[in-house]
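Remarks on the structure that follows.
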Amino acid sequence: ELDGGAPIFTQEQVAKMLNDDPSDGWGNTNWIKETFGMGITSQHNVTANGGTDKIKYFASLGYLEQKGNIENFDFYRYNLRSNIDAKIANNLTLTLGIAGSISDTRSPGYAAGGSMAAGVSSPAWLSVAEQAAYAHPYLPMEIDGIPVASRNAYNNAVNPVAAASLSGNNKSVTNSIQTNITLKWDLPWVKGLNMKFTGGFDHSGSVSKNFSTPYQVWLETVPNSTTNDISYGLVTDARNQVDRTLGEGYSQWRRLVSQTSINYANVFGKHNVDAMVLMESRDYKSNRFAAYGKGFYFVELPELNMARVPSDNPISGSSDANRSLGFVGRVKYDYDNRYLAELSARYDGSYKFAGNVPGKRWGLFPSLSLGWRLSNEDFFNVDFIDNLKIRGSVGVLGSDPISPYAFLSTMSFIGGSNPTPQVIFNGQQQNALMTTAVANPNLTWEKMVAYNFGFDATLWSRMLGIEFDVFYNYTWDILGAQSAMPGSMGGYYTTYINNNSVDSKGFDLMLTHDNRVGDFYYGAKLNVSYAKTRYIKYQDSPNTPDYAKRTGKSPWATPVMVAEGLFQSEEEIDNSPYIQGARPRPGDIKYADLNGDGIISYAQDRALRGKPNRPELTAGLDIYGGWKGFDFAMLFTAGALHEISLTGTYYNYNDDNTIFTKPFKAGSNAPRFLVEQAWRPDNTAGTYPRLSVNAPNTNNAYASTFWYKDGKYVRMKSAQLGYTIPRKITQKIGSDNIRVYVEGTNLFTLSGLPQGIDPERPGVTNGYYPQQRTIMGGITISF
């Protein structure tokens, strides 16, 4: 009605929705309850260890099974680990380690949502979680055994229960192995000198099979001016595919790592010396292959040789390879455990930078740290301080966070992967190449200089421990895409450059406390961290107004409109700057005219506002204790000084809204808070804009500061309660130790965010797989 139109449903139709009689075509379905259930997790581990003074061994075998909160989303894992330490000669030791796992992931044709949303056989925006948000509660689940589907604004037929049970099946099996070998030789003729070699071989291979099966649903048509009853038409599900399709793929990677070092450690009176020289190399290779087919007669035989025809893209494949080499040197010295110093340096080479340009591929990164243990000085005589050390450090780090071969020019066919003739050559149309990236052989390492100063202390017979650090980090030569710059500064050239710089400053604090009172012991660890990051230099265009420039602002700041509340009357709208697009109504968001031209413009009136979407202040509290065989542990996490934006992260002009900002977006259901706290003529103090079912308009759809919410939270991450049976009882059954326990994770969260928004997520799109609360019981037996 606030859109100026008639009500969508009559009171008679609402009564039919609530009468629990689906024969009239109406229903009253709780789609969230029907879609999400209780997931079950079971985990079993067996370990064994032992040995002699010559050889020691350890082995473990584990199994994990997880049944998802949504039907047909399952995960299974088998894992094995074994280590052997052997003294094979007087001065020669050998360490062997091997770990392997088999992971089996299963799901229907539609993805779950969130991180699983990039499904092979369905687009991310049709995930089961999002379909649950779009499924209309006034519909029955099925009619005559055929699922009933809601119609969203894009005419997609959505039914989350059918999507989870009828859309096909995806299966991915990954076999992984990690191995390492270490040989250490203590040179007998020089005390404290040894040589060590460590080598590692890791391999992972995945086989995936994604079988997509279309199914039919009854698609709703709601009453309109000419009809009084709801009607249905038989259509295919939202993927709109006719044939059953199958995609099979195989991918693998392997990594070789080696470290060769010479180490020296010795004591000369009160002088302690420790030195090391190390060479490290890494070699990585991977490849992928996939094949597709469609038109399967039998659901029971999803094999490629049963496909009637290949799919539109029958085969794909790719490969990758990279290498790195580095050298490390380190010298540590302390005198009488009072004065401490460490000097180290890395010399690293990266294949991501040009090898034929001096000073680009290789980087030298030194560091220095100094410490002074005051509590060991003769003049320091403070009874309640057991240990006090002050320390400081400065060092340079390097990183190469860009794609391989970014320093080279790249070309691609005009028209992409399916090129069409674009040029005339020798009188005939021919395919053609175009430059997609311009070479920049001067690319080199990002560099960060880190300054740190702090102290460590223990007090009152180690009852209280304190670690405190303040830091300042400055990063320059940041690798960024030239396309992020305006055209006047080279933005039309797709290449990387070293340009921008940021700094970060803050502190880290850790407090520990342990105590025992009779049979009761307890302890606590509190850590608090604060970090604020900003751009020191950014290639802003000279024509960019100050409120839109990135220099001086957080790297996570987003360009948004600046909200000034909600319009309360037509008179207020008349006296406000003109808003491009549809005329706003009372209850719509009011925006600031930042450039003062009398027009609210998306292009000219966006500012980089808002706090980071990641907490600048974080904290964790670990509490533990025990009494006469009972033990407990609790972990709390918290975050503050950040904001969560309820608008989308895609920012496509005037449709930045999500299901958490736009009531009934694209035909979806509306979150309860948007309805109950909406502006109305009889509730002008409402928190959120007026209810509307119209298509998005410039009034409320813009990404704006209105939708920034304080992200501070406290979460009980885990809690465990256990009991160890007295040994005199367990020995009677041949066991050294038996412990039973119950454990919970994500037990509760305190925050001011609307229901359904996770404060630990940096952004919101259109929903994600829900945070799971897990309750688990178990038993540990040792022999």
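Consider a paramagnetic label point 7 Å from the Cα of VAL235 along Cα→Cβ; state which residues of the range 143-178 have an amide N under 15 Å from it. Taking a point 7 Å out along Cα→Cβ of VAL235, the residues of the range 143-178 whose backbone N falls under 15 Å are 147-160. Taken along the Cα-to-beta-carbon direction at a fixed 7 Å, the label points for MET434 and PHE201 span 4.7 nm. With the simple spin-label model, which puts each label point 7 Å out from Cα in the Cβ direction, the SER324 to ASN287 separation comes to 2.5 nm.
When you restrict to C-alpha pairs under 8 Å that are six or more residues apart and normalise by the size of the chain, the relative contact order lands at 7 percent. The simple spin-label model puts a point 7 Å past each Cα toward its Cβ; for LEU256 and VAL14 those points are separated by 7.3 nm. Using just its DSSP H runs of length 4 or more, each adding -39500 (n - 2.57), the chain gives a mean residue ellipticity at 222 nm of -1000 deg cm²/dmol after division by all residues.
A cut-off under 14 angstrom between Cβ atoms defines the neighbours of LYS549, and their net charge, with Lys, Arg +1 and Asp, Glu -1, is +4. Backbone geometry of the range 587-603 corresponds, through the Karplus equation with coefficients 6.51, -1.76 and 1.60 at θ = phi - 60°, to 3J(HN,Hα) couplings of x, 8, 6, 9, 10, 7, 8, 5, 8, x, 8, x, 10, 7, 10, 5, 6 Hz, x marking Gly and Pro.
What the phi angles of the range 724-736 give under the Karplus curve with 6.51, -1.76 and 1.60, with θ = phi - 60°, is a coupling list of 9, 5, x, 5, 5, 8, 5, 5, 5, 10, x, 10, 7 Hz, glycine and proline written as x.
Take the Cα of TYR624, go 7 Å toward its beta carbon, and the backbone nitrogen atoms of the range 503-537 under 11 Å from that spot belong to 522-525.
Would you mind checking the range 159-183 for residues with the amide N under 12 Å from a putative spin-label position 7 Å along Cα→C-beta of ASP104? Zone members listed by number: 171-174. Below 14 angstrom from the Cβ of ILE230, what's the summed charge of the other residues (Lys, Arg +1; Asp, Glu -1)? Overall, the nearby charge balance is -3. Inter-part distance, the range 342-386 to the range 250-277, computed on C-alpha centroids, equals 16 Å. Counting Lys +1, Arg +1, Asp -1, Glu -1, what net charge surrounds ILE177 among other residues with beta carbon under 15 Å of its beta carbon? Net of charged neighbours comes to +3.
Cross-link pairs exceeding 25 Å in C-alpha to C-alpha distance, out of LYS54/LYS184; LYS184/LYS270; LYS285/LYS447; LYS54/LYS191, comprise LYS184/LYS270; LYS285/LYS447.
So, R0 is 41 Å and r is the distance between the beta-carbons of LEU408 and SER23; what FRET efficiency does that work out to, to 0.05? In this case the efficiency is close to 0.05. Computed extension gain for VAL242 through ASN224, at 0.36 nm per residue and net of the alpha carbon distance, reaches 3.5 nm.
Here the translational diffusion coefficient of the range 493-596 follows from Stokes-Einstein with Rh set to the Kirkwood radius across Cα pairs; for 20 °C and 1.002 mPa s it amounts to 110 µm²/s. Computed on the range 175-246, with alpha-carbon pairs under 8 angstrom and 6+ residues apart, the relative contact order is 26 percent.
Annotation: the chain has a Kirkwood hydrodynamic radius of 32.2 angstrom, from the mean reciprocal C-alpha pair distance. Once you have the Kirkwood Rh of the range 532-571 from its Cα pairs, apply Stokes-Einstein at 4 °C and 1.567 mPa s and quote D in µm²/s. The calculation lands on 104 µm²/s.
Compared with the direct C-alpha span, the chain from LEU509 to ASP74 gains 152.6 nm at full extension, assuming 0.36 nm per residue. Across all C-alpha atoms in the range 11-335, the radius of gyration and Dmax reach 29.6, 101 Å.
Using the Cβ-Cβ distance between TYR333 and ALA153 with R0 = 51 Å, the FRET efficiency computed as 1/(1 + (r/R0)^6) comes to roughly 0.15. Along the range 440-447 the Karplus relation, 6.51 cos²θ - 1.76 cosθ + 1.60 evaluated at θ = phi - 60°, assigns HN-Hα couplings of 9, x, 8, 4, 8, 5, 5, 10 Hz to successive residues, with x for each Gly and Pro.
Assuming charge only on the beta carbon of Lys and Arg (+1) and of Asp and Glu (-1), the dipole of the chain about its Cα centre is about 2880 debye to the nearest 20. Placing R0 at 60 angstrom, the Cβ-Cβ distance between ASN452 and ASP736 gives a FRET efficiency of 0.85 after rounding to 0.05.
Coordinate-derived values only; no laboratory data. Being a predicted model, the structure only gives us computed values, none of them experimental. Don't worry about glycine lacking a Cβ; one is built from the backbone with ideal geometry, like all the others, and counts go over all protein chains shown.
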